[in-house]
Amino acid sequence: MTQLVTAGPAIARAPRGRALRRLIRTPLSLCGLALMAVVVLAAALAPVIAPHPPAGVNFEAPFQLPGTVGYLLGTDDLGRDILSRMLYGIRTSLLIGAISVVLAVVAGVPLGLAAGYWRWLDAPISRLNDVALAFPFLVLAIALAAIAGPSPANAAIALGVAQVPVMLRVVRGETLRLRESEFVQAAITMNASGARIVWQHVLPNCASAVVIQATVIMPVAVLGEAVLSFLGLGIQPPDPSLGIMLSDAQQYLSRTPWPALFPGLAIIAICLAFNIVGDGLRDVLDPTSDSR
């Protein structure tokens, strides 16, 4: 499910301002950035713009149609405001997704650098990583969350650990390529230590690959959080989650589709925004891309 990406020489070699201007000049990337900004702002301002408490129940107003006064997107079977719950659900999804991405970077980048630069570490790290990659992402995340128990923290950790093998593989590939570059070989001939070479030369030139991969695995983590919550392994009621909203609405789909429609559209919007921006970053930061 998770896409593997590679990138060319790093952000440090192309001025960041110029890269940003190139990204903004691409219409599709600009649309992705705008959609991402809307999603992030909606999540950040959820306590301000949500018209009702996310767990507030109104037994006198179940299944209100979208557009009803006081309920812009309608209500669910318990009379809870769908818009309010969706805003807080987006906030939860982005938070857990961001935590899982940080965990994947913190664990995957050092292991990838070590496996790619020090050959004696490559075999054991790569073999263990191949075993982890043999399991589909969602299967691994569900297994880890089931073992740890249902909670937001455990869901974030499970999703982050499940993303580590992909990040490790990307960084290892970049490190192997950079290890044979002229500037690294020159540093080796000058008797620079391996740790110094990795820190000062290899890591900065892997930055673009890490940034691109982070934007690729973020929507996968958001989707993973929705799946875990849908299965009861992530966010627990009455706390709002897009996955919980889908789970609660599935039994009423035949007569009231909107309680499931709007959370589903929110998940699609989040994933679409990050994927578009990730593709744009790859085109801007990868000089070998055919689209430039």
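We did not get these values from a lab; they are worked out from the coordinates using the rules stated. None of the values given here were measured: they were computed from a predicted structure. Backbone-built Cβ (ideal geometry, glycine too); neighbour counts: all protein chains shown.
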(message) Please rank 63, 183, fewest neighbouring Cβ atoms within 10 Å first, as an exposure proxy.
(response) 183, 63
(request) Report the local net charge at residue 155: Lys and Arg +1, Asp and Glu -1, summed over other residues whose C-beta lies under 15 Å from its C-beta. (result) -1
(request) Would you mind classifying the chain by shape? Square roots of the alpha carbon gyration tensor eigenvalues, ordered a ≥ b ≥ c; an a/c under 1.5 is rounded, otherwise it is prolate if a/b is larger than b/c and oblate if not. (result) prolate
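Assign one of three labels to the stretch 74-161, namely rounded, prolate or oblate, based on the Cα gyration tensor with a ≥ b ≥ c the square roots of its eigenvalues; rounded applies when a/c is under 1.5, prolate when it is not and a/b is larger than b/c, and oblate otherwise.
prolate
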(message) If amide hydrogens are placed 1.01 Å from N in the peptide plane, which non-local residues have theirs closer than 5 Å to the one on residue 235?
(response) 229
(request) Step through the residues of the stretch 152-165 one at a time and calculate ³J(HN,Hα) from phi using the Karplus curve (6.51 cos²θ - 1.76 cosθ + 1.60, θ = phi - 60°), rounding each to whole Hz and writing x for Gly and Pro. (result) x, 5, 5, 5, 5, 5, 4, 5, x, 5, 5, 8, 4, x
(message) Tell me the relative contact order for the chain as a rounded percent, counting alpha carbon contacts under 8 Å between residues six or more apart.
(response) 29 percent
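Counting other C-beta atoms within 10 Å, which of 258, 120, 199 has the fewest, and how do the rest follow?
Working: 258 19, 120 7, 199 12.
Exposure proxy ranking, most exposed first: 120, 199, 258.
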(message) Using only Cα atoms and rounding to the nearest 10 degrees, what angle (0 to 90) does helix 27-44 make with the longest principal axis of the chain?
(response) 60 degrees
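Give, in whole angstrom and from largest to smallest, the semi-axes √(5λ) of the equivalent ellipsoid of the stretch 211-292, with λ running over the eigenvalues of the Cα gyration tensor. Intermediate values should be presented prior to the final figure.
Values: eigenvalues 214, 40, 10 Å².
Those come to 33, 14, 7 Å.
Shape call for the stretch 179-234 from the C-alpha gyration tensor, a ≥ b ≥ c root eigenvalues: rounded (a/c under 1.5), prolate (a/b greater than b/c) or oblate? Kindly include the intermediate steps, with their values, before the conclusion.
Details: a/c = 6.27, a/b = 3.67, b/c = 1.71.
Cα axes put the stretch 179-234 in the prolate bin.
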(request) Just report the Cα centroid separation between the stretch 238-271 and the stretch 155-218, whole Å. (result) 38 Å
(request) On a 0 to 90° scale, report how tilted helix 203-230 is relative to the longest principal axis of the chain, with both axes built from alpha carbons and the result rounded to the nearest 10. (result) 30 degrees
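Find out how many positive minus negative residues lie around residue 82, taking Lys and Arg as positive, Asp and Glu as negative, among other residues whose Cβ is under 13 Å from that of residue 82.
Working: positive: 80, 85; negative: 76, 77, 81, 248.
Charge balance in the 13 Å sphere: -2.
Sort 189, 256 so the one with the fewest other Cβ atoms within 10 Å of its own Cβ comes first. Walk me through the numbers on the way to the answer.
Numbers: 189 8, 256 19.
Placing the least packed residue first, the sequence is 189, 256.
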(request) Measure of size requested: the Rg and Dmax of the stretch 130-272, with Cα atoms as the atom set and Å as the unit; please supply both. (result) 20.5, 73
